[in-house]
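Structure record follows, encoded as structure tokens.
Read-outs throughout are calculated quantities, based only on the coordinates presented, and are distinct from any laboratory measurement. Note that the structure is a prediction, hence the values are computed from the model and not measured. Here the Cβ is made from the backbone with ideal geometry for all residues, glycine too, and neighbour counts use every protein chain on show.
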Amino acid sequence: MKKSIEVFAAIGVILGVIFGLSALAYALGAWIEGGFPLPFGHVLVEGGLPGWAWVSNILILVLVFVMVIATFLTLAERKWSAMMQDRIGPNRATINVPGLRGRALGGVFHVATDALKMLFKEDFRPKNADPLLFNLGPILAFAPVLALFAVVPVGPVVNLGGHRIGLQVSNPDFGMLWVFAIASLAVYGTSLAGWASNNKFALLGGVRASSQMISYEVALGLGLIGVMMAFASVRLPELIAGQTLYLWGGATDLGSSGQLAFGIPAWGIFLQPIGFVVFFTAAFAETKRAPFDVPEGESEIIGYFVEYSGMKFGLFMISEFAEVVILAAITTAIFFGGWHIGFFGDAWLTRNMAGSPILLGALYATIFWIKVLVLCYVQLAIRWTFPRFRYDQIQTLGWKILLPQALVNLFVTGALLLLDPSLRTLAIVGFLEIGFVLALALRRGDKEVAHRAHEPHLPDDVHGPAPAALPGAAAASHH
Amino acid sequence: MAYIKASKNPSGDLRERLYLPELIRGLAITTRHFLRNLFVGRDVNSEVQDRTGGNLVSTVSYPEEKTPYPPGYRGLHRLVPRDDGKPRCVACYMCATICPAQCIHIEAGEYESMDPATESRVIEKFPTQFVIDELRCIVCGLCVDACPKDAIRMDTGLHTPSEYNRSSFVWDIPRLLQGPPVSHPSDPWNKRPSSAPPPHQHVEAHTRIGQDVVRPRLAAGEQHQRTEVTDQPIPVTRFLKE
């Protein structure tokens, strides 16, 4: 009971911090666009800086949110995996200040110890490694990952003192194409690192990484095309706006009715469950995490970063976790309705909180980050649940399973969209697919049935093997 | 060329062939463990089998939580004190003789004057030195069995603690003499001249260190002499076969 209260309090603190930071991002964006107004009526830049809110978005969304969540995921990876495996996990690092002395706080301080270790370790470069490419590897692995987040909208566009501020670094016309383009750049970092290390195992890891990542690029793109077709856009804000429509029930549009109506939103997961599975799997393979961790291959070759130490290795690691965050963010935006609650209350919330747009925006951004954190958990749970794929299984999954699946899904989606542009038929098919998989998951498997059938049926009160009856006892009981 | 299609799934079960439902079931199991361990507090009962509650962690985090030893556990030696705080040992050398590791060294002293006022008047000998080399001890417990006076026990339930030099593992009377005092009706100083009830109480302490601890009473100014710790080899076995 005490533990539950502590956990809920911690969750509350985290959500409060997220809410505050989101509100700060809005306020900072408005402050920058207004030309840095100061308390006594001065304005640093006359006429303001319209369109410059991206500076605050880079600062707070990319450098604070993504990086801090990625940093804490290094701890979560260890602590959550411990909980999944019935262990305690990291709990030894403490800070010797009054009030915190001897309290591990769930291992939070291990983040600091990890970071300090990475920063202060020797930055070693092998003698025969190519110095330029060796140094370029971690940079090229890390930079595209952060750049990916530029097109992800975290919160709605709100009107703050005449400025329209949204929590999105950039909203280009090409939207998702940016994600595809930049995501495919990440392979250069890993393959360069593997090649420049002048180490056979690193080269092997680099080659594995490039083959795997390039294989899954195709499925990655094809998985999303269904959603783009359904909402007829590649811009993420428009995809999110499309997902606020209710398929059944509720208000048909966000602003038209202020009622607290329930309904089923046109979320991407409902329209495109196969697309979701294909995209999520392919993107998971792009992050090079288990079960797709053949490029790293801890147990065989150490992988493309075998020669890296110190913060260069840290960059590879943090880029992996930043990829996790960004994959979760993109999945949230495309398949889980972005910053909307979805099933109820969006219209009601928008109408009743119209007076304080900054709080409304921060609330929506908090909802977005909650979804992102849940999806981060799902990714970590996948990493700690499933066994690794063999190399041929990875290629089989990518080329022989996901790719045909995505193509068939694409044709079916196109046909259904032509048949019924209101998306309802598409959603019915989607629900049927989801229901089929869930029904299979909840059904008792053939093996279990067969196994149960062979078990001797014992009454419930018998614990352990029944004592063997004496030969004479059975005969005696007949008399 | 021999080619085994190792990835062929022999299962005819639709769920396993589809793979995705099995993944969902696996995730459900993992998440169930995660949620139980996250929201339910851990029972820190050191008897792991007796733990209750929804938390599934069975770790005993050692320095803070310790598993108790079974009752018959042979721990560190102690010299059992009498009621007056002196050791019950009468320096009979039985333990030193039986010790297969030859780790006990005793030097006997004799009571100079038979002072009738003291209750030790019936004892002739006492150990001036009682030294156990805990590094040589093989924890066999034969000394405890051999002792005719119940003067040495291994009931502390403690390990030999870590030390920085070997000489610190040589335990002498001030370190060995600990725990609750013990007296038996058969102790010579408890022999009664008449059948009147004895003025003292017999404490047959089957206790461990920490339970019902009675600090040995010494006379004012009296102190057990501490053994000088030197780097010289300790002549533990010199009394044997000389």
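For segment B:40-52, take each phi angle, set θ = phi - 60°, evaluate the Karplus expression 6.51 cos²θ - 1.76 cosθ + 1.60, and give the result in whole Hz per residue in order, putting x for glycine and proline.
Karplus values, whole Hz, x for Gly and Pro: 9, x, 7, 6, 9, 4, 6, 7, 4, 5, 8, 5, 10.
Taking the 0 to 90 degree range and rounding to the nearest ten, how far is the long axis of helix A:310-335 tilted relative to the main principal axis of chain A, both from C-alpha atoms?
The angle comes out at about 90 degrees.
Could you work out the relative contact order of chain A? I mean the mean sequence separation of Cα pairs under 8 Å and 6+ apart, divided by the number of residues, in percent.
Once normalised by length, the contact order is 18 percent.
Would you please give the residues with an amide H less than 5 Å from that of A:LEU245, counting only those at least 5 places away or on a separate chain, with H modeled from the backbone geometry?
For A:LEU245, the qualifying residues are A:ALA266.
Give me the net charge for the shell around A:TYR304: Cβ to Cβ below 11 angstrom, other residues only, Lys and Arg +1, Asp and Glu -1.
Counting the neighbours of A:TYR304, the net charge comes to 0.
Please identify the chymotrypsin sites (Phe, Trp or Tyr not before Pro) of segment A:25-105 that satisfy two criteria: DSSP loop assignment and at most 12 other Cβ atoms within 10 Å. Which are they?
Taking segment A:25-105 and a limit of 12 other Cβ atoms within 10 Å, the loop chymotrypsin sites (Phe, Trp or Tyr not before Pro) found are A:PHE40.
Stretch A:SER299-A:VAL55 to full length: gain in nm at 0.36 nm per residue minus the Cα-Cα span?
In short, 83.6 nm is gained.
How would segment A:99-154 be classified by its alpha-carbon gyration tensor: rounded, prolate or oblate, with rounded meaning a/c under 1.5 and the a/b versus b/c comparison settling the rest?
Taking the square roots of the gyration eigenvalues as a ≥ b ≥ c, segment A:99-154 is oblate.
Please work out the ratio of the alpha-carbon Rg of segment A:240-369 to 2.2 N^0.38 Å and round it to two decimals.
Rounded to two decimals, the normalised Rg is 1.42.
Between segment A:325-401 and segment A:3-19, what is the C-alpha centre distance in whole Å?
19 Å
Under the √(5λ) rule applied to the eigenvalues of the Cα gyration tensor, what semi-axes describe the equivalent ellipsoid of chain A? Give them in Å, descending.
41, 33, 27
In chain A, how many lysine pairs have Cα atoms under 17 Å apart, counting only pairs 8 or more places apart or on different chains?
For chain A, the number of qualifying lysine pairs is 5.
So how do A:SER184, A:SER170 line up by other beta-carbon neighbours within 10 Å, fewest first?
With the sparsest Cβ surroundings first, the list reads A:SER170, A:SER184.
Which of the chymotrypsin sites (Phe, Trp or Tyr not before Pro) across segment B:24-90 are loop residues per DSSP, with 13 or fewer other Cβ within 10 Å?
When the chymotrypsin sites (Phe, Trp or Tyr not before Pro) of segment B:24-90 are filtered for loop state and at most 13 Cβ neighbours within 10 Å, nothing remains.
With θ set to phi - 60° and the Karplus curve 6.51 cos²θ - 1.76 cosθ + 1.60, what are the ³J(HN,Hα) couplings of segment B:156-163 in order, to the nearest whole Hz, using x for Gly and Pro?
Computed from phi, the couplings for segment B:156-163 are 6, x, 10, 8, 5, x, 6, 9 Hz.
Quick one: 3J(HN,Hα) in Hz for segment B:90-97, Karplus 6.51/-1.76/1.60 with θ = phi - 60°, rounded, Gly and Pro as x.
Values, residue by residue: 10, 6, 8, 6, 5, 5, 5, 6 Hz.
Name the residues whose placed amide hydrogens come within less than 5 Å of the amide hydrogen of B:ILE152, ignoring near sequence neighbours (fewer than 5 apart) on the same chain.
It is B:VAL80, by chain and number.
How large is the charge dipole for segment B:13-67, taken about the Cα centre, if only the Cβ atoms of Lys, Arg (+1) and Asp, Glu (-1) carry charge, to the nearest 20 debye?
The dipole magnitude comes to about 240 debye.
With a 10 Å Cβ neighbour count serving as the proxy for reagent exposure, in which order, fewest first, do A:GLU122, B:GLU110, B:GLU65, A:GLU238 appear?
A:GLU122, B:GLU110, B:GLU65, A:GLU238
How far is helix A:273-286 tilted, in degrees, relative to the longest principal axis of the Cα atoms in chain A, given as a value from 0 to 90 rounded to the nearest 10?
So the inclination is approximately 80 degrees.
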